[in-house]
Structures are given as C-alpha cells and as structure tokens.
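Everything on this sheet refers to the single structure shown next.
Nothing in this text is a laboratory measurement; each read-out follows from the coordinates by a stated rule. None of the values given here were measured: they were computed from a predicted structure. So basically every Cβ, Gly included, is an ideal-geometry build from the backbone, and we count neighbours across all protein chains shown.
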Amino acid sequence: MSSELARLSIATAAKLVRSGEVSPTDLLNASLQEIERHNSTLRAFISVTEETARKAATAAELLLSAGYDLGPLHGIPLGIKDNVGIQGQRTTAGSKVLGNWHPDKDATVIAKLKQAGSVFVGKTNMHEFAWGGTSANPHYGHVRNPWDTSKFPAGSSGGSGAAVAAGLCFGALGTDTGGSIRLPSAINGVVGLRPTYGRVSNSGIIPLAWSMDTAGPMTRTVEDCALMFNAIAGPDPTDPATSPVPVDDYLSRLSSGVRGLRIGVVPRYFFSHLQADVKRAVEQALQTFEGLGAQLVEVDIKHIEGNISAQLTIESAEPSAYHQKSLRERPGDYGDDVRTLLEVGELLLATHYLQAQRYRSVLRAEFIEAFKEVDVFVCPTLPFTATALGATTVVIENGVEEDMLSAIMQFTGVPSLTGLPSLNVPCGFDSSGLPVGMQIIGAPFSESKLFSVGHAFQSATDFHTKSPNLGSN
Amino acid sequence: MPNSSVEQLVRTTAEHSNLPLEDGRVAAVSQVLEVWLKDANALSAKMSAPEFAQVSPITGFLQTVVHGEVSHEQ
C-alpha cells in the first residue's frame, strides 16, 4: 500500500488529502519508506531531511484542519536538487567545495514552494555543480537508473529524475542549463520542463552558466508539472533576469487538445543522427499527434549546425568565471571531470565566447521566424537511451564511440541557447525496456501550450503509467 | 607528441592566468581543448561571414529608467 501511495500523481494525492482519505504525514511516510528501501541503491538523495519534513507535514495538517488550503501542493513531498538553497539545510551542489554550507535564506523557488505548502523530503544528488550530463558523482556516489541500475540516469538533475521515476517523492525540482532537466527526465521516463529563460527565478540557486540557467519541475505526469510550475513561475525582484511578462494559470488550457496544432519537425537535424529505437518512438509519437488532429510541418533551420560548439563554449566559459577563485585555491576538491572542464573554460578565447553569443542571436531569430509557420516543434530529447553507469563515451550509430558530453547535448542545446521553453514527455521504450523521451519546444512564454500538447499525448497513450520494477532492493 | 602545440598553449596560458596546472592536468585539458578549439574556430569563421555583420551577441541588456534620472517634461 505504501508503494502505491508513493506512486500517486500529485493531482490524485492532492484530492485524497482534501477529502481526508490520506494525510500529508501518510504521503511523507510513503516517500520516506521508498527512500529507505531504494536510496542506498539509487543514490538519488544526498541528504534526507526527515525531521524538518515531518514538521512541515504536521504543519500542513494543522493548516488544513483550520481551513487554510494552500492549493494542490499542500502537503505534497518533493525532492529538491542540491544546488538549490534551503535555509538552514546543507547544500552541496554535489561537490566537496562548498563543505558544510547551510544557506541563511531560501532560494526564491523554495520560498514559493513553501508558500504552496510543499514538504521537502531531501536534497537530490546531481552531477557536480551541474557541469555534466551523467550524474556520476565522485563525492556522493553515482546516481543509478531505476529502470536498470547498471545504467546511468543522465543529468545533471539525475537524482531528481531517478527519485521521481522510482516513487521516492511525488515531484522534484531540477535545474537546466544545457539539458539537465530534460535529459534525466527522458532517460528516467518522467516529465520535465525547462522554462522560458527568465520565467523562473534563479535567485538562491548556485549558478552554472548565467545566460542559460533555468529551474523547473520534474514529475510523473504533465498535469503535475503544470501544478508545480504554477507555484514557481513569475518575476522576482532579486533576480534581474526574470521577466515581468504576466504568468498564466498553467492548468487552465491543459485539456485544450492538439486539433489544428501545427507541429514543426526538422528532419535534417533532429532525426538524422540517433539510435533507431529513439527515432522510431518519436516518429510514432508524431503519428499519435497526427491522429489527434495535429498537422506536421517540415521546417529547415538554416544555421542549426554549430549549436553544440556554441553551447560548450558558453557553458564552459561562464562556470569557469564563477569558479575562478576556488579552482585556484582548492582544485583538488573538484572531481576530475568537472575540474578538467573548468580548466578548459579558462583557456578559450574571449572571441570564441562572443562569437558563440552572436550565434545564439542568429539561432534564436531563426526559431522566432519559424514560429510564424508552426506552433511547437517536436524532436527527440537525446539521441540514445540509458547507457552504462560511468561511461564517458556513447555509441549512437555504426559502432562509433562518441564523447558523452557533446553527444548528450545534441538536441537539448537548441532550447538552451535560444531561451525557448521545452517539455520532455515520455514517448516509448527501446528494445531493452528503457524509456525514450521527446521534447516539445515552444515560443517564449508558451508553457501553457506545451502542457496542453503534452497532456493530450498522455491522455492518448500510457507510457507515463509504466513504472520501473525495483523489486525489494 | 600530437598535442604538443596545444599542450604548450595550455601550459603557457595557465601560467599567465595564475591557474595552477601540473603536468598530468595539462595533458587532460589539452585533449579536450584541442577538439573544442577546432569547433569554436569553425563557429567563429561562420559568424565572421558578411551575412552576420550586423548581429550582436545575445548578452546585450535592456536599460531601465532609474527614478529621477530622466526628465518627464515634454
């Protein structure tokens, strides 16, 4: 019963809490029991904050009994990626560098989730400082994929993805610079949103690359993703990069369907270098959309090549600026892979960085122009399914080994560079039963549309109802 | 010594940037940098084409009015 409770959607759990059938403490107990059973294998959480979570669950119950309903996240147990500051709780960003740091205030997203009544069960494991896509963490253990624990969970929000997929929490917060929400969402078979750049505050979150960083929800359903996004979206005076554009009610158009929707596909880039099972799953998803009344429109983005180099250049130069002091004073405290990337970022030319930033202007303009012809783009989230734990290379086609970092960001880099919102939705499985995800990419501030497209897909398919079988581990 | 020129660049630049980089690290950094430099140079060449002459980097910012700094008189 506890496992079943822990696997409920947020929307269903919220209804049961309101009807009095279960309490926030029941939900918390269910999550804690699953963490107790599986975290030693999955290493999805760096810290489990049972004591403060129990206090928050009790407070949520008292508020409800007194007639104060904070909304659908009231009493819902969530995991928080460990680069997001919670007042008084140890925050490591998956590194030894921060030592025993306890932030003296909440990140804005945490304050908003607290106002919505959420209960935080713990801080999720991640690639060190979010600079990598595997969540192979030399300090807190490699996060494992709940669908096959010999495989990686992708990253950098790998702990959040594994925890949500395995039912260790009802939803989680991740961060996404070059794909760090969407990649582990795809690889673990959950939903994850990279919001429009500036839609969610980064205040109180340890930066990776300022000009691309975002924070967003990771959940088991699109509806849950919209529920969490309602709580965290919006401007923040403490983050000057946030936009004053008014927020939507992101649930309001959830069931509007896709009839008449124009879906852009870019075959030349997004369907040309990927594993056959991934291609098949996403093409079948496109057929599902067509069956629901959407129209596929082939689009060419003339200058899409070059995006991986631009992303690597920006995503290495900006973190190297942030870490410049620590890298000189205590380089040995960084894991070997992240240390190397930070050192590389110091050695690129300023002109390389600025040409990459100029390239972003070109790429963004081409996508904005394309949105005159299409409503959204659909493409694979990444070109392969979960690969071996600890691997630094991956085979996509013809037995050729490729560098993991460049390969994994092949498709997620486009929204990261252009600042466009992108929603990962599970859309199938490979021949080994490992999840495949697709990205639904929209125009700036079109998150409501992305949720309606994703929800239409989940209403017509059952991929999101499948769970990894972790047995009694 | 296929990476020797890049290794020399890494060693020299690190030294003049006050970045401590022992020999073992120089090889690891050079291996990545050599590939990334090639791609970054290609992107720089692409962005130097005449069709992009008017393109500004996306890092530009929008200035906002600070109260009292702008006259409101017509």
| message | Given the condition in contact with a helix residue (DSSP H, G or I) (Cβ under 8 Å, 6 or more places away or on another chain), more than 10 Å from chain A (Cβ to nearest Cβ) and over 11 Å from A:Leu347 (Cα atoms), answer yes or no: does some residue in the range B:47-54 qualify? | response | no
| query | Within the range A:359-379, is there a residue that is polar (S, T, N, Q), under 22 Å from the mean Cα position of the chain (by Cα) and within 14 Å of chain B (Cβ to nearest Cβ)? | reply | no
| Residue within the range A:127-144 that is over 13 Å from A:Asp82 (Cβ atoms) and in contact with a strand residue (DSSP E or B) (Cβ under 7 Å, 6 or more places away or on another chain) present | no
| note | Pairs returned, first residue in the range A:296-317 that is in contact (Cβ under 8 Å) with a residue 40 or more places away in the chain and farther than 13 Å from A:Phe411 by Cα, second residue that is assigned to a loop (DSSP other than H, G, I, E, B) and of a type in the set (Ser, Thr, Tyr), beta-carbon separation under 9 angstrom, 6 or more apart or interchain, are A:Ile314/A:Ser211; A:Glu315/A:Thr177
| request: Return the residue satisfying two criteria in turn: it lies in the range A:328-358 and is more than 26 Å from the chain's Cα centre (by Cα) and either among the aromatic types (Phe, Trp, Tyr) or outside any helix (DSSP H, G or I) (or both), and of such residues it is farthest from the other protein chains (Cβ to nearest Cβ). | output: A:Arg330
| How many of the residues making up the range A:363-380 are over 19 Å from A:Met409 (Cα atoms) and not in a strand (DSSP E or B)? | 10
| query | Counting just the residues of the range B:3-30 that are over 18 Å from the mean Cα position of the chain (by Cα) and under 23 Å from A:Leu405 (Cα atoms), which one comes out surrounded by the fewest Cβ atoms within 10 Å (Cβ to Cβ)? | reply | B:Gly24
| task | For the range A:252-284, enumerate the residues that are closer than 18 Å to A:Val376 by Cα and assigned to a loop (DSSP other than H, G, I, E, B). | result | A:Arg253, A:Leu254, A:Ser255, A:Ser256, A:Gly257, A:Val258, A:Arg259, A:Gly260, A:Leu261, A:Val266, A:Phe271
| task | Return a yes/no flag: does the range A:334-352 have any residue that is in contact (Cβ under 8 Å) with a residue 40 or more places away in the chain and among the charged types (D, E, K, R). | result | yes
| task | Examine the range A:461-469 for a residue that is in contact with an Asp or Glu (Cβ under 6 Å, 6 or more places away or on another chain) and either within 30 Å of A:Trp210 (Cβ to Cβ) or buried (at least 17 other Cβ atoms within 10 Å of the Cβ) (or both), and state whether such a residue exists. | result | no
| Of everything in the range A:293-327 that's within 9 Å of chain B (Cβ to nearest Cβ) and in a loop (DSSP other than H, G, I, E, B), which residue is farthest from the chain's Cα centre (by Cα)? | A:His303
| note | Those residues of the range A:361-380 which are farther than 11 Å from A:His303 by Cβ and out of contact with any Phe, Trp or Tyr (no Cβ under 6 Å at 6 or more places or on another chain) amount to A:Ile368, A:Glu369, A:Ala370, A:Phe371, A:Lys372, A:Glu373, A:Val374, A:Asp375, A:Val376, A:Phe377, A:Val378
| note | Conditions (1) away from chain B (no Cβ under 14 Å); (2) within 24 Å of the chain's Cα centre (by Cα); (3) farther than 30 Å from A:Leu8 by Cβ; (4) charged (D, E, K, R) -> A:Arg220 fails only (3)
| Is it the case that some residue within the range A:226-244 is over 19 Å from A:Phe457 (Cβ atoms), in a loop (DSSP other than H, G, I, E, B) and in contact with a Lys or Arg (Cβ under 7 Å, 6 or more places away or on another chain)? | yes
| Would you pick out the residues in the range B:15-39 that are closer than 17 Å to A:Ala317 by Cα, small (Gly, Ala, Ser) and either more than 8 Å from chain A (Cβ to nearest Cβ) or part of a helix (DSSP H, G or I) (or both)? | B:Ser30
